[in-house]
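Below: the structure, in structure tokens.
Only the coordinates and a few stated rules stand behind these numbers; no lab work does. All figures in this text were calculated on a predicted structure; none of them were measured in a lab. We place every Cβ from the backbone using ideal geometry, glycine too, and count neighbours over all the protein chains shown.
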Amino acid sequence: MKISRTLMAFIATASVSAFAPLPAFTSTRSHVSSETVLYISSWGTKGKSVSKEDMESKNIEKNIQAYLKAPEPVEARSNIDGTVMVSGLVRSKERTDQFIFDLLNNEESAFEFSKIVAFVDDVAFAKKRLLSRSARYTGLLNKLDFVEASSAGSLPKAEQLEGVKSWVACFDQGDMLAMVQEVASLAKVAPSVENVAILLANAVELDSAKATAAVQALKDSGKKYSLVAVGKLEDHPEGKIPYSFKEFDSAEGVLSSEAIFSRDEAMRMITECLQLECGVDRALTFSEVYDVNATEAKLIKGLREAGYARPQEVDHMLRDGPAKYQAAIDDFRQKNPNYKDGYYTTEAWWEDEKFQASVRKSSLRAQEEIQKVKDARVEKIEEIAKEWAKREYFRQSMAGTVEDGMTEAQFTESVWERAIFEGDLKYRQMNGEVADPEAELADFKSRQERKKEAMLKRAKEELKEILAEEDLGGEDLDAKLDSLEAS
């Protein structure tokens, strides 16, 4: 037993060491040319002919990653806890309507609801639809409760809203604008209600004047509200088709009779508006975008390619959105009127021809000055790596896979090599450099596995030598070590 404990401790130490923080890439500090010098002058810059590849990497219209920042944590509401009620769903035999309940129970969201109440026409029917195996596995059953309406299609009474902090009301038929005003009236006299989120499906050809009155009723309620209006709901996957949005109470916010929208995407939009601070007091009409060249389509595709999660994507769209992106494109075009011919205006003083001439004439101070430029790259990569590690710690903490007692600093140290890899990859993507994320990640994991095997083999050999010197292993030492390594 003594030998077994010793073996286990030594091998375990070696296993940890195999993944201890190591340099992710070779430093370039010792490979700086002595033939280049940086002198910052006041001569300014002019148009400069560049390669097509270089130009396209700077053109945010073609390379949206040059416009987008790395994903950052988004601001969530501070009062999305306690009890949430969902009304207007779980009526159809063709579907379960469970998706919105899963979103409200998602452990990676900002929601911290202790109870999720389904306000339904028929409790017995609703339980058959929602008490599923997946609801049990995700913990939804632990939070789910049911309240039956006094009559089919009716709204909760004042006493049924007692203790409810957030109310998600869904409508797909009838006089929906009148229903919005009724929800506002009920919420106004319900002291516990703080958030009201309303989803209007099949909200086509609505009267914009009545829509304005409905939004005013929500404002007068004194509650934080979010309203999402979409066309006829169809069952295609969320996120498959890009979207655009307009102010609900504007002429542009009136949907045509042919408008359709993904059912799951509609549920996603109303729950994201409920959990995000940028969704507070917003009334929006969402439409699907089928033109791949539309600004919204290109922006949403770029956000997803940049690694934005759905809450980050929606937050960016509502805060900055296509208008800001289009303004940035227009600004680029104005500053670079001849960019299509390979000429552009740059703030990069090191690309100016006069500076390049001075570089060719002088070799003084090259090591020190050029190193500043390369150090800036390393600093940016490390900054991105720290953000990646921070997000990964949060994700794994929420998933319960972080070792008990491990701090964020200790976790960052343990995954630093992977974090630097992610930082270097993201930096190159942001700057238009050639990158193959899938291939590079596969190669990285392969190298890590080979490193682990080498470390374990060396640890085994060292332990064998120590035990042999102390005559502790016995004649079957090799077999014991092989058995322990296999286990």
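Assuming charge only on the beta carbon of Lys and Arg (+1) and of Asp and Glu (-1), the dipole of the range 207-289 about its Cα centre is about 240 debye to the nearest 20.
Scattering from the range 265-318 was approximated by placing one identical point on each alpha carbon and applying the Debye formula without solvent; log10 I(q)/I(0) at 0.14, 0.15, 0.16, 0.21 1/Å stands at -0.38, -0.43, -0.49, -0.84.
Globularity index of the range 183-307 is 1.09 (Cα radius of gyration / 2.2 N^0.38 Å, N = number of residues).
Extension gain for residue 458-residue 114 works out to 118.7 nm (0.36 nm per residue, less the C-alpha to C-alpha distance).
Approximating the spin labels as points 7 Å out from Cα along Cα→Cβ, the residue 319-to-residue 159 distance works out to 4.5 nm.
The Rg/Rh ratio for the range 77-209, using Cα coordinates for both the radius of gyration and the Kirkwood hydrodynamic radius, is 0.95.
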